[in-house]
Amino acid sequence: MTVPPPARLRDLRIAPDEPARLKSLAETGLLDSPAEEGFDRITRLAQKLFGVSAASVALIGEDRQFLKSVVGDLEVNAPREVSFCTHTILTPHTLVVEDAQQDERFSNNPLVLGQPNIRFYAGQPLQGPGGHNIGTLCIIDQEPRTFTEEQKQVLHDLAAIAQREINVRTDLKNGAKIQQAHLPGSAPSLPGYDISAYCRPAGELSGDFYDWHVISGRFRFTLADVMGKGTGPAILTATVRAGLRATAALDPAAALTAVSEELLTNLARSESFVTAFHAELDPATGTVRYSDAGHGLAHHVTGDGAITRLPTSNAPLGIMAGMQWHTRGITLNHGDSLIIPSDGVLELLHEDLDDLAAALKQLTTSTDIPADLNRMAIGSGSPSDDVTVLILRRT
Amino acid sequence: MNFTSELRDSYAEVTADGRLNMVAAPQLREFIGNLITDGSPRIVLNLEKTSFMDSSGLGALIGCLKAARQAGGDLRIAGVTPQVRMVLQLTSMDKVLAPYATVEEAFSND
């Protein structure tokens, strides 16, 4: 079913790909997003290069125009029917209006008759996924002008830079979606236990991950951190996860050893390494058999509030051939928790292990882990690392 | 971060001054890589003035260690500050790259 456009938009020319165009715009996540230096740099440059009063990256939503980036005196939101750019996105070409007062499409436009008194306009369409015109890079001025072929080329080149920003951003968003899909969904139902986890990447993609699954009645779980953040480490997280899943029949330490050997070349080439806490719970007894490869941040909190940091078995995975890890055991009694943070949480607490222990103890009884971690992040200034926590509590 | 090197009798001493993070890590790799290429694969990295190291910094240490060993030498570290020591201990990297108290001790037994 097609929803008719609002009455005020009925006279507006709209391209036949409008529904797909709006979907494409939504996929970029740019509408109503805050200003970003990547785009602001381009509008600043455009304004200076052309010596105009204003430049913007405008996005055309269903019934309004939103300026993702703007220099000069322009409203961030404007009704679509008065937008110049809504005309620009009808074709793949640059739209140049040398004098709006002399152009019948615009001579009665309120933006021409009143503030900001547009006389000159030039806009180059920008595309979202699927090649739909979602907006423009445009310049305006209060004086009529001629716009040469050479200037058109410059605007075209600047728009290509803005286009690249959009493409990279969309690519990262897709990557993030796929990475999110690799995290396990809701925790398995394990009578007598509460399981929760949270992963917040510093950017779009994360070098941390957690995983869990139930195999032959045992609860197998992992929290791992690939050195670095962003796209490179994010690719490696998928490999490590797959490796640990494939070795689920092995004892946790043997699984880590196998994965380290398997990934040695990959990790060496990418100059990376992986810290991991890999474990298996027997739900009936509360016994956790775990192996820690250079992660070093897992804590055992007992029902009476005592907290112990669990020792590592050996250095991180992927450092050198022939390394061995060992499995240790602890028992979770009723009321005990096992909490494993990534080192991003330690960074939030200014690298202080005592503060970390205190914060982790609180998190084990938290009813809203993301909110509590956000509070810690705000307190610490601007966190630069991925933040991940996994909590296993025996009720 | 600022790097300097001085040739001693049987090794080169590299001093790293500042924060060994994502920005400085590739710089350290390059600095030590050049030393190795120039024929000094026995290196002591003096970390007295390294106030902070993150996991990228740790990655650079591992990379430098491998490069030095591949060239028939070794990389040793000395004079670590409390935060760097904590990172080495937490990650058990001190089992692979044990910190020496002083630069002089690092190669004193071989």
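The values are calculated or read from the model by the stated rules, or taken from the named source; none is laboratory data. The structure presented is a predicted model; accordingly, all values stated were derived computationally and were not measured. Here Cβ is always computed from backbone atoms with ideal geometry, including for glycine, and neighbour counts include all displayed protein chains. The protein model used for the area step is the full one, side chains on, heavy atoms only, and it has no ligands, DNA or RNA in it. Shrake-Rupley method; radii C 1.70, N 1.55, O 1.52, S 1.80 Å.
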key: Reach of B:LYS95 by Cα under 23 Å, taken over lysines that are not fewer than 8 positions away in the same chain   = B:LYS49, B:LYS66
note = With +1 at each Lys and Arg Cβ and -1 at each Asp and Glu Cβ, the charge dipole magnitude of chain A around its Cα centre, to the nearest 20 debye, comes out at 700
Cross-link pairs beyond the 32 Å C-alpha cut-off, checked among A:LYS68/A:LYS229; A:LYS152/A:LYS229; A:LYS68/A:LYS177 = A:LYS152/A:LYS229
query = If the chain between A:ILE215 and A:GLU143 were fully stretched, how many nm would it gain, using 0.36 nm times the residue separation less the Cα-Cα distance?
reply = 18.7 nm
key: Area of A:LEU250 that stays accessible when all protein chains are in place (1.4 Å probe, Å², to 10)   = 70
query = Which whole-Hz ³J(HN,Hα) couplings does the stretch A:33-50 yield from phi under the Karplus relation 6.51 cos²θ - 1.76 cosθ + 1.60, θ = phi - 60°, glycine and proline marked x?
reply = 7, x, 4, 9, 4, x, 8, 4, 4, 6, 5, 4, 5, 4, 4, 5, 4, 8
key: Amide H partners (placed H, <5 Å) of A:ARG200, local residues excluded   = A:VAL387, A:THR388
query = aspartates and glutamates near A:LYS173 by alpha-carbon distance under 13 Å, same-chain residues fewer than 8 away left out - which ones?
reply = A:GLU27, A:GLU165, A:GLU204
Heavy-atom accessible area order for A:LYS177, B:LYS49, largest first, 1.4 Å probe = A:LYS177, B:LYS49
message = Placing one identical point scatterer on every Cα of the stretch A:183-394 and ignoring solvent, what is log10 I(q)/I(0) from the Debye formula at q = 0.08, 0.09, 0.15 Å⁻¹?
response = -0.24, -0.31, -0.91
task = Name the most mobile residue of A:GLU261, A:GLU37, A:GLU347, meaning the one with the largest mean-square fluctuation, in a Gaussian network model of chain A with Cα contacts below 10 Å.
result = A:GLU37
task = Return the sequence-ordered ³J(HN,Hα) values of the stretch B:17-23 in whole Hz as given by the Karplus equation 6.51 cos²θ - 1.76 cosθ + 1.60 applied to θ = phi - 60°, using x for Gly and Pro.
result = 10, x, 9, 8, 10, 4, 6
note = Label model pair A:SER186, A:ALA357: point-to-point distance (7 angstrom along the Cα→beta-carbon line) in nm is 3.7
inquiry  = Could you compute how much accessible surface B:ASP110 exposes when probed at 1.4 Å, giving the result in Å² to the nearest 10?
reply    = 100
task = Name the most mobile residue of A:THR146, A:THR312, A:THR287, meaning the one with the largest mean-square fluctuation, in a Gaussian network model of chain A with Cα contacts below 10 Å.
result = A:THR146
query = Along the charge dipole of chain B, Cβ charges K/R +1 and D/E -1, which of B:GLY39, B:LEU7, B:ILE62 sits furthest on the positive end?
reply = B:ILE62
ask   = For the stretch A:7-173, what relative contact order do you get, as a whole percent, if you take Cα pairs closer than 8 Å and at least 6 residues apart?
value = 24
request  = Keeping all protein chains in position, work out how much accessible area A:ILE161 exposes to a 1.4 Å probe, and write it in Å² to the nearest 10.
outcome  = 90
GNM top mover of B:SER56, B:SER92, B:SER40 - chain B, alpha-carbon springs below 10 Å = B:SER92
query = Mean separation of Cα pairs under 8 Å and 6+ residues apart, divided by the residue count of the stretch A:269-395: what relative contact order is that in percent?
reply = 25
query = How far is helix A:369-379 tilted off the main Cα axis of chain A, in degrees rounded to 10, range 0 to 90?
reply = 70
ask   = Roughly speaking, what is the centre-to-centre gap between the stretch A:59-136 and the stretch A:155-203 when only Cα atoms are used, to the nearest Å?
value = 32
inquiry  = Explain nothing, just compute: Karplus ³J(HN,Hα) = 6.51 cos²θ - 1.76 cosθ + 1.60, θ = phi - 60°, for every residue of the stretch A:247-255 in order, whole Hz, x for Gly and Pro.
reply    = 9, 5, 7, 8, 4, x, 5, 5, 5
Taking chain B and dividing mean pair separation by its residue count, relative contact order in percent (alpha carbons under 8 Å, at least six apart) = 26
ask   = Between B:ASN21 and A:GLU98, what is the spin-label point distance in nm, taking each point 7 Å from the Cα along the Cα→C-beta axis?
value = 5.3
Check: the stretch A:7-173 dipole with +1 on Lys, Arg Cβ and -1 on Asp, Glu Cβ, in debye = 240
note = Counting only residues 5 or more apart in sequence or on a different chain, those whose built amide H sits under 5 Å from that of A:THR287 are A:ASP282, A:LEU332
request  = Mind ranking A:ASP368, A:ASP304, A:ASP171 by accessible surface for me, highest first, 1.4 Å probe?
outcome  = A:ASP304, A:ASP171, A:ASP368
message = For a quick check: with amide H placed at 1.01 Å from N, whose amide H comes under 5 Å from B:ILE77's, ignoring anything fewer than 5 positions away on the same chain?
response = B:LEU45, B:TYR100
